[in-house]
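The values are calculated or read from the model by the stated rules, or taken from the named source; none is laboratory data. Predicted model, so just to flag it, every value in this text is computed and none were measured. As a convention, Cβ positions derive from the backbone with ideal geometry for all residues, glycine included, and neighbour counts pool all protein chains shown.
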Amino acid sequence: MTREDPQMKLRLPPDLKQRISEAAVANNRSLNAEIVGRLEWSFDPHAGAKFLTVGRETITVEQFIKSVAAELSREMGEKNPLKHLK
């Protein structure tokens, strides 16, 4: 994406803008990149990262898997608890 790409103004309810902003921070992306990524995914769910919403938090499937692996690691006392899945 470049600065020469078409631009548009967008009105959002304040709570939705806040949720998108929080998701952008969590995904280490700009607000624009977060919105574009989610719009692209809505047209082609097989492209890019998949998202999960847990409560009001939105995370990628990759983030979810990493957090589950970390929790399993703590519970099982193993450095690689997912090795059993191979």
Matching entry among R3, R19 (being surrounded by 10 or more Cβ atoms within 10 Å (Cβ to Cβ) and among the charged types (D, E, K, R)): R19
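What do you reckon, is G48 surrounded by 13 or more Cβ atoms within 10 Å (Cβ to Cβ), in contact with a Gly (Cβ under 8 Å, 6 or more places away or on another chain), closer than 23 Å to T2 by Cα and at pLDDT below 80?
Numbers: surrounded by 13 or more Cβ atoms within 10 Å (Cβ to Cβ): yes; in contact with a Gly (Cβ under 8 Å, 6 or more places away or on another chain): yes; closer than 23 Å to T2 by Cα: yes; at pLDDT below 80: yes.
Answer is yes for this residue.
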With respect to T58, is the statement that it is loosely packed, with under 11 Cβ neighbours inside 10 Å, modelled with pLDDT under 80 and not in a helix (DSSP H, G or I) true? no
Of all residues making up the stretch 1-47, the number that are of a type in the set (S, T, Y) and touching an Asp or Glu at 6+ places or on another chain (Cβ under 7 Å): 0
Where S73 falls short, out of the listed (1) part of a loop (DSSP other than H, G, I, E, B); (2) at pLDDT 80 or above: (1)
